[in-house]
Each structure stands twice: as C-alpha cells, then as structure tokens.
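The values are calculated or read from the model by the stated rules, or taken from the named source; none is laboratory data. Keep in mind that this is a model prediction, so the values were computed, not measured. Positions of Cβ are generated from backbone atoms using ideal geometry, with glycine treated the same way; all protein chains shown enter the neighbour counts. Areas reflect the complete protein model, heavy atoms only, side chains present, ligands, DNA and RNA absent. Shrake-Rupley method; radii C 1.70, N 1.55, O 1.52, S 1.80 Å.
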Amino acid sequence: MVSLRCAGCAELVPLGGAGLAWACPRRDSGDGADHVLVRHLEPTQGWPASAPAWGESPYRRFAGRLFARHLAEAHGLGDAFEAIVSGLEDAIEAVDGRTFRTARPQVEEDLAGIAGMGPGTLQVKDETGNVSGSHKARHLMGVLLTLEVAERAGLARVGQRLAIASCGNAALAAATLAAAAKRPLDVYVPESADPTVVARLGHLGATVHPCARRAGEAGDPSYLRFREAVAGGALPFSCQGPDNGLAVEGGLTLGWELAEALAEAPVDHLFVQVGGGALGSAVAEGLREANLAGRLEKVPKIHLVQTRGAWPLARAYARLSAGALLPGEKAAAPDEGWSDERLTEHAARASALYWAYRAKQPSVHTAIAQARTQRAAFMEAWPTEPRSIAHGILDDETYDWARLLEALLETGGLPLVVGEPLLAEAQLLAREQTSIPADPTGTAGLAGLLQLRRAGILEHDERCLVLFTGIDREVEAARRR
C-alpha cells in the first residue's frame, strides 16, 4: 500500500482521504522541522517484470511504483490510468515535439581521454533531448498525472491555477506540460530572467511575473512570490519537494531508469549537479529503492555539485560534519570555506563519516536526525545574490537538502563546489568531445569529475557516470526555427 509521510515530522497523509495534500499540513507550523512529503511503497512492489526495452515510456514502464497509479486504483480508476498517461504524452508531444522515453547512458571515450580517465570508464546520461530540453519535466509529469487522477476522483478542485518559481528549465517544463494539459500557469521569475526564455513561456501560454529583490528580504524573490501565490490558492507545480513532495516522486523514474542501466554496466561514482535538489534527491532515492528491492547490487558514490556562486548544500554538510563527532575527535567549527585546497581533507572526512554511518555511530545518526527537525541550523538562504554561468543551479537554498545529506552519508560521496573557470571548461569539453548540446548547468557534473580527478582523489580507472541535464537554449531556439 502506498502512502505519503512527512520526512520531518512523520505526519501520515492517507491515500484515500477526502482531499489530496501536495505538502505536509504542518509545512508552515514554524516548528523548525524540514517538512517534505515522501511517497512510501514496499521496496519490491510494482517493478516491471520485463527487461528494459530502451526507448519506452518511463511512466508506463514504472507505473506500478507511481503514487498516481495507486491513487487511481484506490478510487476505481485503475483501468483508466494507462489511457491518462497516453493522452498526456500525446498532448505533450504535440506541444513540444518530444515525449518521455527511457535512454541508456552512453560511453564517451573521447571525453574520458581528455578528462584523464581510462578507456570505457566514463558514461554520460543525456537528458537534453527530454521534454522541454531537461530533466525537469520528469518531476512535473508525476505531479500532473496525480492531478489528473485526483480531479477525476473528486480529490482536487478542477481548473485550479498552477504556479512555479523558475527562470529556466523548470519554468519551461512547467509551461510545456501546462499547455499540453490546457491548464493556466503563473511563472514567477527574477527581473534578470533570460528574454528568450520569457518569450518562450509567453508563447506556451504562461503568465509571467517578474520579481524584484526587496530590501531586507532574504531568499529568492521569485520563490517568495510563488509561496504567496500558493497561499492564495494556486497549486504548487514546482520542483521543490517541501512545496510538492510528488515532484521528487515524479523524478524517481529517472533514478529507476538509471538503476536498470547500472545493473547492466555498473559504475563507482555518479556526479549530479544540485540547485534546488529535486534531481539529486530523486536519483538517490530511486537508486536506493532499486538496491533495497534487489534490482541493483550497489549504489555508487553520489557526488553533488554546486557552484562558487551559491553552495548551501555543501555548507549544510559542513555543519552536519562538525556536529557528527567521531570517536577521539574534538568539536570543530563548520568549514565555511569548502576550499579546493582542502579537498583531500574533505574527502577523508567524508569517508570517515560514511563508515561511521554504516556502523550506526550514534553521533552521526543523531546529527542527521537533528537536520530533519532543526532545519534553520543547517539550511538557510544564501546571504548574497548568487551568480554563475551555471545559472540553473543557483538556488538560494537547496530545498530538498536533507535527503541529499543522507545520500552523501549512505554512499560516501562528496558535496563539491566548483568555480567558474572549471564550469566553462567542462561545457567546452562536452561540446567538443561529444554530440550533446548541453549548457553550463547541464555539464556541471562533469566539472565535479574534473575537480576530483585533478585533485588525485579519483583514479583514472574508476568507472564514472555523469548526467548532462540541460540543453543550450541557443541550440534549442535554432531547432525551433
């Protein structure tokens, strides 16, 4: 039986209730907990019986593990679910020229050589050909499927306006899906939003609201105005787990897809770029579920990449690390620098925390429990306006941060902070050595790999997988012309 439960306060939201909650009912209680609704399902339930046939719909292949499917069955709509998926996918393809399809990662030998890796060691999972040019629509498709079912079951108000805060890929994904489903959408963007993106949003029928930073106000102004819209009755059609837990669940299809690929061609390291954190959370949870179900022998080390422009996740990890005393250690202040010069030291500390976590060292497990219940002590808005060429991961906060801290502890991965020169180099190498038209955000994971390789932490024969997740919008615009 599927259920929704808050990871911060353990509030249980029944599947068959009179209404459908998108966020924990205690989200704004002020109790300090990190309120994120999480979908719970038996580890072995609902996996496909057949081997993967790459190029199929992930929402049909993994339907048995989707909250929307279980919601449909609970309300007598199980037989209609496949038609709901098919109808939405056809409508999305009519709007965007693409629909959702699974794809196996590809070995990139030329890129591996330039990066100092050995033959056959580097795989790239290309999401630039996904709906709207990134992985973001994966998350929102899960929300949209649930909304379609909920309306038919009488659990959601028909015609409710959708809202999102984004200036890039998430906004374009939301507008594409909203146009396909013929639903009204409000998009809250910063004043500096790319005019090309804004124009595309308008073409898709979204209502765009530029948001200025206000004096004395901390955090992303677009997100703050979005929260006001949700408080006023809009449905959170967003990729932030605290606002809509089912956005993370929608992205689990990517994690399960990766699990099937890694079962065929295992890797030692996985690099994922992090902004708001939904992608990393979905991938980490999808791989964990596959491992628990016996579908994946081992989850690789998951390294999470942010920019020097804003690295709230790495800061939260440093605070967690400082509080997780290991035997024989003295209390240390959080490392607010997260410097390249100390990367080897960071890696050694991460390894120690990994083994302590596996050994159920009480201080480590107490620290992660405190993170769930004392959010402000670990995660807070970045104090200055973030800037980077990797603008898609410049969130003032990592909204789905706690699950990512758990993933780092579970796998022994590192939070990585990369500078602008390395971000630019990674994109240039990707464009020169592969046929994938990714932007600097989309290739930020490769920048993390280069950072570890050059620090001597990553050996040349270790097997790695990098996600390329966002298309270069100039390439996208040329494709549409």
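An ellipsoid equivalent to segment 231-310, defined through the eigenvalues of its Cα gyration tensor, has semi-axes of 26, 17, 8 Å when rounded to whole angstrom and sorted largest first.
Stretched out straight at 0.36 nm per residue, the stretch from THR207 to ASP90 would grow longer than its current Cα-Cα span by 39.7 nm. Evaluated with a Cβ-only charge set (Lys, Arg +1; Asp, Glu -1), segment 73-164 carries a dipole of roughly 360 debye about its Cα centre, given to the nearest 20. Ordered by solvent-accessible area of protein heavy atoms (1.4 Å probe), largest first, the residues CYS9, CYS211 come out as CYS9, CYS211. The magnitude of the dipole of segment 164-226, with charges of +1 and -1 set on the Cβ of Lys/Arg and Asp/Glu and taken from the Cα centre, is near 180 debye. Just so you know, the Rg over Rh for segment 379-481 is 0.99, from Cα atoms, with Rh as the Kirkwood radius. Each 10 Å bin, from zero up to the one with the longest distance, holds this percent of the alpha carbon pairs of the chain: 4, 21, 33, 28, 12, 1, 0. With both labels modelled 7 Å from their Cα along Cα-to-Cβ, the ILE389 to ASP268 distance reads 2.9 nm.
Over all pairs of different C-alpha atoms in segment 1-116, the reciprocal of the mean inverse distance, the Kirkwood hydrodynamic radius, equals 17.3 Å.
Select from VAL189, ALA174, ALA7 the residue farthest towards the positive end of the dipole of the chain; place +1 on Cβ of Lys and Arg, -1 on Cβ of Asp and Glu, and compute about the Cα centre. The Cα lying farthest towards the positive end belongs to ALA7.
In this Cβ point-charge picture (+1 for Lys and Arg, -1 for Asp and Glu), the chain has a dipole of about 740 debye about its Cα centre. Between THR44 and ARG104, the simple label model (points 7 Å from Cα in the Cβ direction) yields a spacing of 2.8 nm. Does segment 117-245 classify as rounded, prolate or oblate by the C-alpha gyration tensor (a ≥ b ≥ c root eigenvalues; a/c under 1.5 gives rounded; else a/b over b/c gives prolate, otherwise oblate)? In terms of gyration-tensor shape, oblate. Only beta bridges with both residues in the chain are counted; by DSSP, about 30 percent of them are antiparallel.
Here the gap between SER435 and LYS182, fully extended at 0.36 nm per residue and compared with their Cα-Cα distance, gives a gain of 87.7 nm. Using R0 = 30 Å, the C-beta based FRET efficiency linking LEU326 and ALA376 works out to 0.75.
At the residue level, MET117 shows approximately 10 square angstrom of accessible surface with a 1.4 angstrom probe and all protein chains present.
Ranked by the mean number of other Cβ atoms within 10 Å of their residues, highest first, the peptides 191-200, 168-177 come out as 168-177, 191-200.
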